[in-house]
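Report on the following structure.
The values are calculated or read from the model by the stated rules, or taken from the named source; none is laboratory data. Computed from a prediction, not measured in an experiment: that's the story for all the values here. Here the Cβ positions follow ideal geometry from the backbone for every residue, glycine too, while neighbour counts run over all protein chains shown. Remember, those area values only see protein heavy atoms, side chains included, never the ligands or the DNA or RNA. Shrake-Rupley method; radii C 1.70, N 1.55, O 1.52, S 1.80 Å.
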Amino acid sequence: LTQLDDLTYEITITTFTYTLSQADRNRLEVQWGDNTFSFAERVSITKLPNFYQRNIYITQHTFPGPGVYEIVVQDPNRNEGVKNIPNSVNVVFSIKTTIFINPRIGDNSSPVLLNPPIDRAAYGQTFIHNPAAYDPDGDSISYHLTICTEEDGKPITGYTLPPASDTLYVHPLTGDLTWITPSDTGIFNIAIDVEEWRSGVKIGNIVRDMQIEVYNTDNHAPIQTEPGNYCIEAGQVLALDVIATDEDGDSIYQWATGGPFVVDENPATYVVDTDSRDAGYSQARFEWRTSCSHVREQYYTVVFKAEDNHFETPLVDLRNMNIRVLGPSPDMPDLIPASNAVTVTWSPDTCLPVTGYKIYRRIGPAAYVPDSCITGLPDETGYELIGETN
């Protein structure tokens with residue numbers, strides 16, 4: 001959802017369908033949660049590998065006033081043969097989102113899920129997926145598993161989680177869906193509830209409903225180097241290489257999704273080094289020249305994916321990187337000592353998201369080396385906050 005004015009929103013619905021199926025919808029019904037419904041028309045079709053198709057539907061709606069609204073979108077049928085949904089072919093597919101319209105909250109647009117839900121899993125091998133949620137307003141995001149829904153957004157009767165030899169869970173902060181490990185082959189459905197928070201208050205959620213097909217295969221997924229996590233000051237450049245290898249010697253395709261690629265100013269780049277490609281090896285370079293417009297309290301998530309081109313069952317490796325962009329530190333201040341005081345002066349910053357400065361003092365030396373992700377000074381350093389300025 002994108003807020004256009006106080007009560008009007010634009011909804012974008014993205015579905016991924018199987019092109020060999022006869023079911024194909026030019027429009028989808030949207031129930032707005034205010035006792036009205038309308039239809040969203042399909043505005044684009046994108047053909048994807050392995051007989052997948054991405055469909056995008058868009059429409060607008062004006063709500064009658066402030067309140068909490070649960071929006072439901074549904075399609076007549078799910079795929080046949082989903083093992084954890086009884087009689088799945090006759091079960092309506094639905095997804096829903098909740099919005100809180102409240103002038104005290106301010107404008108709010110829903111998170112965007114940037115990573116397509118079309119990865120394959122292998123029997124007996126750990127499976128990881130991440131929706132790569134990005135909130136354009138900089139709100140906090142949390143994740144948890146939920147129950148897939150049917151007609152009118154109701155939980156499916158008899159739904160169960162897919163079977164695992166150990167565990168199946170979603171990390172509440174990173175959004176990693178980890179399945180250790182699939183203990184059966186076939187088609188399964190899971191749903192992830194993506195919630196957004198502002199100042200500790202939940203202000204909305206969206207649900208990802210995805211299908212995972214588990215194959216019995218001798219293929220092994222490629223392995224990428226861990227990119228790590230970073231905190232950098234606005235104006236700095238973050239650049240790193242991500243290397244993927246495949247023990248079976250398959251060719252590897254690399255790509256990345258996440259918030260840094262969709263910001264309006266100075267978006268990040270991810271370029272595969274085609275000269276370095278070899279059997280079972282690939283290398284790509286991530287680079288982001290940050291600016292003041294990127295400063296925000298929440299971190300940005302980048303999801304790196306590597307997929308092999310196994311002739312029968314291509315498999316994917318996924319790695320996350322979190323980046324927090326901080327306001328730049330002030331230039332070295334001028335110090336003018338007096339008998340019992342020091343006057344400190346510095347040039348004010350032009351980075352608009354920076355709201356002010358905190359001044360700390362300590363009597364005596366301190367062997368404190370600040371971490372790049374910590375702003376201010378922890379109490380254990382012995383520094384005392386003595387003032388603040390705009």
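A few comments on the model shown:
- Accessible area, probe 1.4 Å, largest first, for residues 135, 275: 275, 135
- Percent accessible area from carbon and sulfur atoms, segment 220-373, protein chains only, probe 1.4 Å: 51 percent
- Pairs of Cα atoms nearer than 8 Å and 6+ residues apart set the relative contact order; for segment 272-347 it is 21 percent.
- Per-residue accessible area (protein heavy atoms, 1.4 Å probe) orders 231, 373, 148 as 373, 231, 148, starting from the largest.
- Matching the structure-derived Cα extents along the principal axes in Å against the labelled list (i) 69, 64, 37; (ii) 84, 59, 37; (iii) 78, 49, 34 gives the label (ii).
- Largest accessible area first, the listed residues 386, 105, 85 line up as 386, 105, 85 when surface is computed with a 1.4 Å probe on the assembled protein chains.
- Sequence-separation-based contact order of segment 164-228, relative, with Cα cut under 8 Å and 6+ spacing, percent: 25 percent
- Average silhouette area of segment 136-197, convex hull of alpha-carbon atoms, in square nanometres: 5.6 nm²
- For segment 61-220, the relative contact order is 26 percent, taking Cα pairs closer than 8 Å that sit 6 or more residues apart in sequence and dividing their mean separation by the residue count.
- The residues of the chain expose, per residue, 52 Å² of accessible area to a 1.4 Å probe.
- Of all accessible heavy-atom area on segment 1-133, the percent that carbon and sulfur account for (1.4 Å): 50 percent
- Segment 93-130-segment 29-73 distance, computed between alpha-carbon centres (Å): 14 Å
- Protection proxy ranking for 265-273, 364-372, 344-352, 179-187, using the average of other Cβ atoms within 10 Å per residue and placing the highest first: 179-187, 265-273, 344-352, 364-372.
- Cysteines, the chain, no other Cys beta-carbon under 4.7 Å: 148
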